[in-house]
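The values are calculated or read from the model by the stated rules, or taken from the named source; none is laboratory data. From a predicted model like this one, the values you see are computed outputs, not experimental measurements. A quick note on method: Cβ atoms are made from the backbone with ideal geometry, for glycine too, and the neighbour counts reach across all protein chains shown. Just the protein is used for accessible areas: all its heavy atoms, side chains included, with ligands, DNA and RNA removed. Shrake-Rupley method; radii C 1.70, N 1.55, O 1.52, S 1.80 Å.
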Amino acid sequence: MTESVVLPAEQQAPLEGVITGEVVRMYQEVAEHPEGEFHFYHGRQAAELFGYERDWLDRAPPGAVASFAGVGNPHLRSRIQPGETVLDLGSGAGLDGIIAAWQVGPLGRVIGLDLNPTMCRKAEAHAAASGVRIACHEGRMEDIPLPDGSVDVVISNGVINLSFRKRRVIHELFRVLKPGGRVSITDIVSAKQLSQSIVNDPKLWAS
Ligand SMILES: C[S@@+](CC[C@H](N)C(=O)[O-])C[C@H]1O[C@@H](n2cnc3c(N)ncnc32)[C@H](O)[C@@H]1O
């Protein structure tokens, strides 16, 4: 039987809790056991594939590099300037935030945001180990705990695809941007409507 019918968003709502649980579990697993097998590229191999500068990867704490779980390179177009305030949406183990912190310098600020408090503490510890500061907020990208117009740049790497409420996320990130602010997002999109069996599979969402 082919599955061409996809349930409307409100009927998918009960799935959200299950999928969020799997998302939390999966990325914490990458952070705690990066040597494990995952069905997506991660760590230094992924970062090199996406064109991260070798110098960054040599300079960042090994734990942040090994647990990197992005899907691209948001730094290629972010044009981050010294003194700016950057929000790293879904900051994970912190590699992207650390790279942003080097770019904003001592007069700038990097704010992390992650659903999972364990990831937030990891990102902050990795930043401290590389001599910079990330203030990571535990929270959801669908309801960003920051005031309107408070950040110059939003970066995000492989995170928005994990949300059930992507329009809401986009609305939120434009809300927190200052007028003239910028976004640099790398993420996964599908050109085709995914079948209900894929949409219903927490493991496929969390990848
Ligand atoms: C693909 S990883 C981020 C990779 C990261 N940029 C790096 O440098 O490794 C996804 C992260 O987003 C977080 N996340 C997932 N859903 C979220 C949500 N709704 N709100 C905030 N963070 C979320 C996960 O806990 C996970 O740490």
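Summary of values
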read-out: At R0 = 22 Å, FRET efficiency that the Cβ-Cβ distance of Arg25 and Gln45 yields, to 0.05; value: 0.50
read-out: Degrees between helix 166-176 axis and first principal axis of the chain (Cα, 0 to 90, nearest 10); value: 30 degrees
read-out: Of the GluC sites (Glu not before Pro) in the stretch 4-97, those whose Cβ has at most 15 other Cβ within 10 Å and which sit in DSSP loop; value: Glu35, Glu37, Glu53
read-out: Mean-position separation - Cα centroids, the stretch 85-155 and the stretch 163-203, in angstrom; value: 18 Å
read-out: Potential extension, Arg175-Gln196 segment - 0.36 nm per residue separation minus Cα distance; value: 4.4 nm
read-out: Order of exposure, largest accessible area first, which applies to Ile188, Ile134 with probe 1.4 Å; value: Ile188, Ile134
read-out: Area projected by the alpha carbon convex hull of the stretch 46-142, averaged over all directions, nm²; value: 5.6 nm²
read-out: Average silhouette area of the chain, convex hull of alpha-carbon atoms, in square nanometres; value: 11.8 nm²
read-out: Fraction of alpha-carbon pairs over 13 Å apart in the stretch 85-146 - percent; value: 50 percent
read-out: Between 0 and 90°, nearest 10: helix 95-104 axis offset from the chain longest Cα axis; value: 40 degrees
read-out: Listed residues Pro62, Pro82, Pro14, most fluctuating in the chain (Gaussian network, C-alpha, under 10 Å); value: Pro14
